[in-house]
Structures are given as structure tokens and as C-alpha cells.
């Protein structure tokens, strides 16, 4: 199945942030962050939908509404507003529930907790609740995701990058001086 067609099926059915949409195609292309990949896909879908709308094909409106609402994509919302078709309010991402908006807070909290430790290298581990992992597995099966990356992997990498920026310490995958475990209890992520 074509990438855009697959992405459209996902967004038409479920709300997805840029990170999570991009993660579904993470193994395609290099030197790209998942968030950028997700935005690029939404932009292409928006252009396609706008073209349909300008061709008097009303299916373009439905597509723009899906991208604006389930994709929380401002350019699609802007086109709808200009054509006097106000979209509904945007929705929280089905897969991550907006956790990527809290990367800086999680990293700052980790730095605070680590202030009394001396270390040169670290590794970030993520512990997700069973229902989050199951929801992601069901999603991948439903949409036949074959080029995706797990939520756990991206969270670990993003928090690790942010911690490296703040502390100037290095990530070590084989023998870290310190392991930081980020676990999710109910709706909020915490550190152990």
C-alpha cells in the first residue's frame, strides 16, 4: 500500500500527532525525525485534499477535516477556515496521548533527580503500561504497519537526546554508569 494512502487511513480513523504518524514510517528514509516525517506526510495529504477541493470534489473537505481534527494539523484547519468550513476541535493522539509535549519536563525532572550522582554515561529505559503497549500492537496489526518504530524506542531516544543536551553526558547502550527508568503511571510519566 502506498505511504499516503496508508497514512490517510490511519488519520481518517484515529487522532494522531506528528510524532506518532511519522513513527509508523520510521524505517523509511534516514536523517529525519519522526515528527518531521509526520508533518511532511500531513502536508502532502493536505495538498492533495486542497487540490480535490479546488477541483470541486467535496471528498477534499472530508479529507481536510480528518487532517485538521485527527491530525491536529494547522494548515488543513486554515484551508477549511478560508473556505468557511470550520473544523471541529482537535483531538488528543490515540497512541501517545500527547506525551511528546512533555519531553522537556521529563528531562528536567530527571536532571533534578540525578543532581546528587556522578556519572559519565547513561541510558534511558521506558516502562509503558500494558494497555499502552497493547493499543500500539493492535494499531500496527490493524493498519499493517511494517516500517514503524515503537513508542518506547522514540521516547527513550528523545529523552536521551534532551538529557545529553542538558548534562553533556554520553549515552552508552552497553555499559552505562547510570540507568534512568521512566515509567508511566496512569496518565503521567514519572522517573524511578
Could you tell me whether any residue of region 102-117 is surrounded by 14 or more Cβ atoms within 10 Å (Cβ to Cβ) and in a loop (DSSP other than H, G, I, E, B)? no
Does residue 19 satisfy being at negative phi, surrounded by 18 or more Cβ atoms within 10 Å (Cβ to Cβ), assigned by TED's automatic domain parsing to the domain that holds residue 76 and at pLDDT below 95? no
Given the criterion touching a residue at least 24 places away in the same chain (Cβ under 8 Å) and within 25 Å of residue 30 (Cβ to Cβ), identify the matching residue among 158, 177. 158
On the basis of being farther than 20 Å from residue 37 by Cα, in contact with a helix residue (DSSP H, G or I) (Cβ under 9 Å, 6 or more places away or on another chain), surrounded by fewer than 17 Cβ atoms within 10 Å (Cβ to Cβ) and in the same structural domain as residue 7 (by TED's automatic domain parsing), does residue 62 make the cut? yes
From the list 168, 140, 152, pick out the single residue that is closer than 17 Å to residue 93 by Cβ and out of contact with any strand residue (DSSP E or B) (no Cβ under 9 Å at 6 or more places or on another chain). 140
Is it the case that some residue within region 137-150 is outside the structural domain of residue 16 (by TED's automatic domain parsing), touching a helix residue (DSSP H, G or I) at 6+ places or on another chain (Cβ under 7 Å), at negative phi and not in a loop (DSSP other than H, G, I, E, B)? no
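Conditions (1) in the same structural domain as residue 11 (by TED's automatic domain parsing); (2) in contact (Cβ under 8 Å) with a residue 60 or more places away in the chain; (3) under 16 Å from the mean Cα position of the chain (by Cα), marked per residue:
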site	(1), (2), (3)
71	yes, yes, yes
89	no, no, no
105	no, no, no
125	no, no, no
128	no, no, yes
134	no, no, no
Residue match in region 121-143 (condition: surrounded by fewer than 18 Cβ atoms within 10 Å (Cβ to Cβ), modelled with pLDDT under 95 and farther than 21 Å from residue 100 by Cα): no
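The values are calculated or read from the model by the stated rules, or taken from the named source; none is laboratory data. Note that the structure is a prediction, hence the values are computed from the model and not measured. We place every Cβ from the backbone using ideal geometry, glycine too, and count neighbours over all the protein chains shown.
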